[in-house]
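As structure tokens, the structure follows; a few thoughts come after it.
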Amino acid sequence: MIIAGIVVVLILAWVAYHLRNYPERHAVDKFLTALQQNKTEAAYGILMSDPNWKQHPEKYSKYPYGEFYTDWGPAGEWGIIKSHHVDCSYSSGSGVLVQATINGRSEHAYVWVDKSDKSIHASPDVIDCGNWWGWLTE
């Protein structure tokens with residue numbers, strides 16, 4: 001009975017640890033889903049963590065919607081997004097680095113999600129999540 005209890009506690013601890021980045025991974029999935037559905041304005045709202053961004057676009061003058069559309073729209077680096085998958089994540093400090101596969105390409109997209117407001121930013125860093133040990137310990 002004691003051994004079974006210890007095993008259950010260890011499994012629950014592993015599940016809790018493995019799902020700790022779920023909110024940030026979900027934010028990236030919502031963002032990419034909006035782009036896949038060609039809802040770029042909604043995707044921009046998710047990126048900025050502000051669904052009402054149109055009411056005060058001057059607040060986002062550092063990365064305006066036009067620049068976002070150039071980067072993430074049909075003519076952007078990833079083209080028209082037809083499919084996506086959030087692969088893995090790595091928590092570090094105030095945010096989470098998330099890797100996603102877009103359109104089945106071998107190169108991955110990496111974004112940084114702020115833990116406090118779930119805003120999404122470009123990430124210069126990359127992570128490697130291609131092995132089972134990384135998935136197990138992620």
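The values are calculated or read from the model by the stated rules, or taken from the named source; none is laboratory data. The structure displayed is predicted, hence computed values, not measured ones. We place every Cβ from the backbone using ideal geometry, glycine too, and count neighbours over all the protein chains shown. These area figures cover heavy atoms from the full protein model, side chains too; ligands, DNA and RNA do not enter into them. Shrake-Rupley method; radii C 1.70, N 1.55, O 1.52, S 1.80 Å.
When K39, K82, K115 are checked against the criterion of being basic (K, R) and free of Cβ contacts under 8 Å to residues at least 24 places away in the same chain, K39 stands alone in meeting it. Residues in the stretch 1-22 that are of a type outside the set (A, V, I, L, M, F, W, C) and open to solvent by 60 Å² or more (accessible area, probe 1.4 Å): Y17, R20, Y22.
For I81, indicate whether it is modelled with pLDDT of 95 or more, more than 14 Å from the chain's Cα centre (by Cα) and aliphatic (A, V, I, L, M). Break it down stepwise before answering.
Details: modelled with pLDDT of 95 or more: yes; more than 14 Å from the chain's Cα centre (by Cα): yes; aliphatic (A, V, I, L, M): yes.
The answer is yes for I81.
Taking the criterion of being closer than 30 Å to E67 by Cβ and in a loop (DSSP other than H, G, I, E, B), the residues of the stretch 1-42 that qualify are N21, Q37, N38, K39. Going through (1) closer than 17 Å to A122 by Cα; (2) open to solvent by less than 70 Å² (accessible area, probe 1.4 Å); (3) in a loop (DSSP other than H, G, I, E, B); (4) out of contact with any strand residue (DSSP E or B) (no Cβ under 8 Å at 6 or more places or on another chain) one by one, G45 falls short only on (3). Among the residues of the stretch 90-107, those that are among the β-branched types (V, I, T) and either under 14 Å from D128 (Cβ atoms) or free of Cβ contacts under 8 Å to residues at least 24 places away in the same chain (or both) comprise V98, T101.
Among the numbered criteria (1) under 11 Å from I120 (Cβ atoms); (2) in contact (Cβ under 8 Å) with a residue 24 or more places away in the chain, which single criterion is violated by K30? So K30 meets the others, but not (2).
Considering the stretch 53-89, the residues that are hydroxyl-bearing (S, T, Y) and part of a loop (DSSP other than H, G, I, E, B) include one that is surrounded by the most Cβ atoms within 10 Å (Cβ to Cβ), namely Y63.
Which one is farthest from R25 (Cα to Cα), of the residues in the stretch 90-107 that are open to solvent by less than 60 Å² (accessible area, probe 1.4 Å) and not hydroxyl-bearing (S, T, Y)? It comes out as N103.
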